[in-house]
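**Q** Please read through the structure below; I'll follow up with questions.
Computed from the coordinates by the stated procedures, all read-outs in this text should not be read as laboratory data. These numbers were taken from a predicted model, which means no experiment stands behind them. Cβ sites come from the backbone with ideal geometry, for glycine too, and all protein chains shown count toward neighbours.
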């Protein structure tokens, strides 16, 4: 009888030991899995941060003086001090074009300074470059929104659109975004929002696209000084200043009428890679 009791107690003790071991293993497993999950979160955060760093560099906000901007009859926007009509620097661009964004980051401040100094009349000519969605839709919505913007806030909104340019292949420049960004530069009210959401300026965008094709614009960004395409070193801050200085006193001619480009010390694509966005222009 005593032997049976000892055997029963031994079995109960063994069972309790096994239960304790199983509990310990479960706790250890949960601890390990928790550590793995935490490590995974850290890795995910690192990947996300790294991914953001691989994106385009932000465009610095311009904090200098701006020359007055006005809407012109053909839908373009002129930026110049009062009485300055020449030389004329025309900028053909698409808000979805990465090369245009790079040009704005590199030359935007210089262009604004030259206009504010009274050295040049700048004419912005946004148009629709891309012909396939989602790029085409992005381009059209952004150009339409820019055309809706009042002249006094146009340049600031222009810069804001390039700052928030969506990656190629992604759908972006949504109406909600376009209205929100406008508010950040002081464009408010139902008139602008209705214009953006209703695509009320799209015919103007289409006319600008047709005009760009007639002017011989075959790539973006396309900068022309007194009607002659700028290339090479003229697409650097120093080279652009030299080109504008050299054009003082000359008569502007229609864009695309000149057979050759105007360069600084070199011709072609330029050392900074401008003009690499090839246009698929509409006929």
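**Q** Can you confirm whether residue 146 is in a helix (DSSP H, G or I) and over 19 Å from residue 186 (Cα atoms)?
**A** Judged against the criteria, residue 146 is not a match.
**Q** Looking only at the stretch 175-200, count how many residues are loosely packed, with under 14 Cβ neighbours inside 10 Å, on the phi < 0 side of the Ramachandran plot and either part of a loop (DSSP other than H, G, I, E, B) or in contact with a helix residue (DSSP H, G or I) (Cβ under 7 Å, 6 or more places away or on another chain) (or both).
**A** Number satisfying all stated conditions: 3.
**Q** Consider residue 162 carefully, then state whether it is in contact with a helix residue (DSSP H, G or I) (Cβ under 6 Å, 6 or more places away or on another chain) and in contact (Cβ under 8 Å) with a residue 60 or more places away in the chain.
**A** Taking the combined requirement at face value, the residue satisfies it.
**Q** Name every residue in the stretch 179-218 that is in contact with a strand residue (DSSP E or B) (Cβ under 9 Å, 6 or more places away or on another chain) and within 22 Å of residue 159 (Cβ to Cβ), in order of residue number.
**A** 205, 208, 212, 217
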